[in-house]
Amino acid sequence: MSIEVKNVVKYYKEQAALNDVSFKINSGEIVGFLGPNGAGKSTMMKIITCFIPKSSGLVKVCGLDVDDNSIEVRRKVGYLPEHNPLYLDMYVKEYLGFVGGIYGIKNKNERVKEMVNLVGLEKEQHKKIGALSKGYRQRVGLAQAIIHEPEVLILDEPTSGLDPNQLVDIRQLILNIGKTKTVMLSTHIMQEVEAICDRVIIIKEGQIVADDTAKHIQQKDELKQTVLVEFDKEASRNQLKQITNVKSVKNVEGNKWIFMGEGDIRPHIAKFAQQHNYLILAMSTVEKSMEDVFKEMTGN
Ligand code: ADP
Ligand code: MG
């Protein structure tokens, strides 16, 4: 067992951020920790990484209690905090060497070189962190999280704020690193979980509301699809509602519409357009927020 969380409660003054949270993560798993803003994701991760104390309950990492063995736990855990705080004035290699020093790594320079190669920072390694794009800063953040060869990796919203290309790169990198580690990764995007994780733990208002395999959740998710379409000319809502398997239609603006339906409704929309002489200028599936998925899953 890599992470064991049992009946954890966390209060910030009178406010309960975590309310009796329990879950287990086995070694080698990549688990998505999914929840809307303010659900308690970062709080839970800070407790597991020994950054803040819990109010009550039990947390063990690799069998070690975080209260009694915080130094040992920190050695076993790599942590990429939310917003990835970095020293912008430091050079990439200088920073990684600095972090390596904190952990007392013996072959520090070699290890820094390894990290630079592993996360794909070769071209940027002589730059200041402040000069890097957000995607490359995340690579530095990942490198500092794994430089001491931790068994467990805790990543707090590692892809938030990245552009689509950077997003794909960082997800791939996490998948690669995750082959040999236990990974817990927080996000508020369902698709992220589907792309990376074996299992999903959903948290809402400080309580766990679902704990299931990503595949199972994906199957439920596939039942419903949200598609954004732009036509070349005006359409009527009543007409669009007639399209096969479409359950609801909403106008965004002008000739842009959002369709919700069952299964893959894109072919039906395309067929409709062809039959009624519409041109489709754009069509894309919409990334669902955790809230949408949660509503679908719980049926309210
Ligand atoms: P998430 O990461 O899921 O967005 P957080 O763990 O950051 O959620 O926050 C959970 C709740 O705890 C929120 O209501 C937030 O406002 C509150 N909270 C987080 N950190 C603090 C803090 N240092 N002091 C007081 N309240 C906090
Ligand atoms: Mg957070």
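Tell me, which helices (runs of 4 or more DSSP H) lie completely within region 8-102 with 2 or more residues that are in contact with an Asp or Glu (Cβ under 9 Å, 6 or more places away or on another chain)? Quick ask: steps written out before the conclusion?
On the way: elements: 41-48, 70-76, 92-102.
By residue number, 41-48, 70-76.
In region 180-206, what count of residues is obtained for those that are modelled with pLDDT of 80 or more and more than 16 Å from ligand 2 (Cβ to nearest atom)? It would help to see each step written out before you state the result.
Narrowing region 180-206 to residues modelled with pLDDT of 80 or more: 180-189, 192-206.
Next cut, more than 16 Å from ligand 2 (Cβ to nearest atom) only: 180-183, 194-200.
Within region 180-206, residues that are modelled with pLDDT of 80 or more and more than 16 Å from ligand 2 (Cβ to nearest atom) number 11.
In region 126-143, is there at least one residue being closer than 28 Å to Ser27 by Cβ, open to solvent by 50 Å² or more (accessible area, probe 1.4 Å) and touching a Gly at 6+ places or on another chain (Cβ under 9 Å)? First the steps, then the outcome.
Going through region 126-143, the residues closer than 28 Å to Ser27 by Cβ turn out to be 138-143.
Next, only the ones that are open to solvent by 50 Å² or more (accessible area, probe 1.4 Å) stay: none.
Among the residues of region 126-143, not one is closer than 28 Å to Ser27 by Cβ, open to solvent by 50 Å² or more (accessible area, probe 1.4 Å) and touching a Gly at 6+ places or on another chain (Cβ under 9 Å), which makes the answer no.
Residue under question is Leu118, and the condition is that it be open to solvent by 70 Å² or more (accessible area, probe 1.4 Å) and among the aliphatic types (A, V, I, L, M); does it hold? Even if it seems obvious, please write down each step before you answer.
Values: open to solvent by 70 Å² or more (accessible area, probe 1.4 Å): yes; among the aliphatic types (A, V, I, L, M): yes.
Yes, satisfied.
Is there a residue in region 23-35 that is open to solvent by 40 Å² or more (accessible area, probe 1.4 Å), under 24 Å from Pro150 (Cα atoms) and without any contact (Cβ under 8 Å) to a residue 40 or more places away in the chain?
To start, the set of residues in region 23-35 that are open to solvent by 40 Å² or more (accessible area, probe 1.4 Å) comprises 24, 26-28.
Filter once more, so that each one left must be under 24 Å from Pro150 (Cα atoms): 24, 26-28.
Filter once more, keeping what is without any contact (Cβ under 8 Å) to a residue 40 or more places away in the chain: 24.
There is at least one residue in region 23-35 that is open to solvent by 40 Å² or more (accessible area, probe 1.4 Å), under 24 Å from Pro150 (Cα atoms) and without any contact (Cβ under 8 Å) to a residue 40 or more places away in the chain.
Quick check on my filter: what residues within region 55-78 are touching a residue at least 40 places away in the same chain (Cβ under 8 Å) and open to solvent by 30 Å² or more (accessible area, probe 1.4 Å)? Can you show your working first?
We begin by selecting, within region 55-78, every residue touching a residue at least 40 places away in the same chain (Cβ under 8 Å); these are 55-63, 75-78.
Residues satisfying the conditions are Ser55, Ser56, Gly57, Leu58, Lys60, Cys62, Gly63, Arg75, Lys76.
Given the criteria within 11 Å of Leu34 (Cβ to Cβ) and in contact with a helix residue (DSSP H, G or I) (Cβ under 7 Å, 6 or more places away or on another chain), does Arg199 qualify?
For Arg199, the condition - within 11 Å of Leu34 (Cβ to Cβ) and in contact with a helix residue (DSSP H, G or I) (Cβ under 7 Å, 6 or more places away or on another chain) - is met.
The values are calculated or read from the model by the stated rules, or taken from the named source; none is laboratory data. Computed from a prediction, not measured in an experiment: that's the story for all the values here. For neighbour counting, all protein chains shown are included, and Cβ atoms are generated from backbone atoms with ideal geometry for every residue, glycine included. Accessible surface is based on the protein model in full, side chains and every heavy atom, while ligands, DNA and RNA are left aside. Shrake-Rupley method; radii C 1.70, N 1.55, O 1.52, S 1.80 Å.
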